[in-house]
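> To start, I am sharing the structure in question, which I have written as structure tokens.
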Amino acid sequence: MNILLGLIGFGIVVFVHELGHFLAAKLSGIEVEAFSLGWGPRIVGFKRGGTDYRLSALPIGGYCRMKGEDAFRSALERNASELPREKGSYYGAPAWKRIIVSFAGPFFNLVFAFLVFMAVYGSGYTVTTFDSRILLAGEVDGPRASGPYAAELAGLRSGDRIISIDGEVVEYFAQVQETVSMSGGRDIRIEVERDGETLELVARPEREKASGAGKLGVYPMAEPLVTLIEAGGPADIAGIRVGDRLVEAEGKPLAHAQSLQAALRSEPETLDLLVEREGSRLSLRVVPRWNQDGQAELGFALGTVDWRVEAGSLAEAIGMGFAETSRIVTGTLRGIAGLFAGVDPLKAVSGPARITVTVGETAARGFRDGLGEGFSVAFSFLAMLSIGLFVMNLLPIPVLDGGWILLFLFELVRGKAPKPKNIFRYQSVGMVIVLGIFLLAMAADFMFFAGR
């Protein structure tokens, strides 16, 4: 089911991209021979205005086939000096129209993302997160061999409440995580509240080599109060209830939620907890569940808060949608730049298989919290994926839309199209680059699914 949801979600993003090409071609007077929802054999469809609108067997995106797209191949086979300019064909259109058609696909992905974010903020959603008070990772995990974390170097202290980053108001800890993750290797201005005073500090989050994400070195300073219980999970089986306060773990007092990690470092088979409930203290034993990353899953959350995010008006929803779209475009560009700054591409890059599975798992988790929440989570993820497609397709790499735009701009400035054999050489370079990226992504997917 997850894979099916992933294929449908991934297909929506690709279909939106092809819809952009289709509408731009129609408006430019270029004849579209076929416009398909899905790939593979044609199942059903109809013809109108010279276009075969079809539903195909595989629910993976779609395609837009324009008249004369194969003219390049035939001109190359005949060793022609120029491309045929048949009326109504792709290459028969002026270069500026072909630029519009090429740009329309990625542009529709960007518009789709904006509309999704606008709708999500307009309808509202609930974030289960933590307060924005922080706890230095060095105080929980101990000193690192590589030196202090970025937070310590910046002068942050445990108990500080982060109130803004780079001028953007911070209301809960998830906002800190989101901003820091996309700020690896660059300075950020952090405004904190400390002992009734407001201070502004400058930090430079480290860029993790595995993912390219920024790392500040802070945890949320959460109370050791049980706020969520997984039905049938280890905590539920042990008799822990929402509202319980954890007092001790393995005989050691718990000052805050992160103190529990110290008791889990030795990977114990059982965890003895002292719990305070309605004025009484109970001794309970939990059997941790260990995941493939070696992390304990106890089946409860400590100190979380539910934060409602919702625009107050249509204008505010538009503004929030635009801001979120801009933020993710910027973050995506930084992520691509990070691939040339020492990041491990086998860990930072995802291929189509991993993306499909991630889309499906994200959607499935969202729908477990309700239909509305499921659509909100699933489409927010698709919007981020759509922005990735927008950015990647506009890179000036031959074969991609950005590469075609560059070629048509050259034709527009020069006043004459390149010879077919020169276009072939140009495209061959692009094919090598794209094939290399594809093989890298496939290798990254293989290593991910192999647990490496």
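The values are calculated or read from the model by the stated rules, or taken from the named source; none is laboratory data. Computed from a predicted model, the values in this text were never measured in an experiment. Note: ideal-geometry Cβ built from the backbone for every residue, glycine included; neighbour counts use all protein chains shown.
> Of all residues in the range 251-276 being crowded, with 16+ Cβ neighbours inside 10 Å and in a loop (DSSP other than H, G, I, E, B), which is nearest to the chain's Cα centre (by Cα)?
Among those residues, the one meeting the criterion is His256.
> Of all residues in the range 211-231, which are assigned to a loop (DSSP other than H, G, I, E, B) and touching a residue at least 12 places away in the same chain (Cβ under 8 Å)?
Those that are assigned to a loop (DSSP other than H, G, I, E, B) and touching a residue at least 12 places away in the same chain (Cβ under 8 Å): Ser211, Gly212, Ala213, Leu216, Gly217, Met221, Ala222, Glu223, Pro224, Glu230.
> If you go through the range 330-341, how many residues are surrounded by fewer than 14 Cβ atoms within 10 Å (Cβ to Cβ) and either in a loop (DSSP other than H, G, I, E, B) or touching a helix residue (DSSP H, G or I) at 6+ places or on another chain (Cβ under 6 Å) (or both)?
2
> Another question about this same structure. Take the range 344-384 and flag every residue that is at pLDDT below 70, under 19 Å from Ala441 (Cα atoms) and not in a helix (DSSP H, G or I).
Within the range 344-384, Asp344, Gly351 qualify.
> Can you pull out every residue in the range 393-452 that is of a type in the set (A, V, I, L, M, F, W, C), within 22 Å of Leu333 (Cα to Cα) and under 22 Å from the mean Cα position of the chain (by Cα)?
Once the filter is applied, which keeps residues that are of a type in the set (A, V, I, L, M, F, W, C), within 22 Å of Leu333 (Cα to Cα) and under 22 Å from the mean Cα position of the chain (by Cα), the range 393-452 yields Leu394, Leu395, Leu400, Val434, Ile437, Phe438, Leu439, Leu440, Ala441, Met442, Ala444.
> Sticking with this one: For the range 41-90, give me each residue that is crowded, with 19+ Cβ neighbours inside 10 Å, free of Cβ contacts under 8 Å to residues at least 40 places away in the same chain and not in a strand (DSSP E or B).
Matches in the range 41-90: Lys67, Gly68, Ala71.
> I need the full set of residues from the range 306-329 which are exposed (fewer than 12 other Cβ atoms within 10 Å of the Cβ) and in contact with a strand residue (DSSP E or B) (Cβ under 6 Å, 6 or more places away or on another chain), in order please. Let's see the steps before the verdict.
Within the range 306-329, the first condition is being exposed (fewer than 12 other Cβ atoms within 10 Å of the Cβ), and the residues that meet it are 306, 308, 312-315.
Within the range 306-329, Asp306, Arg308 qualify.
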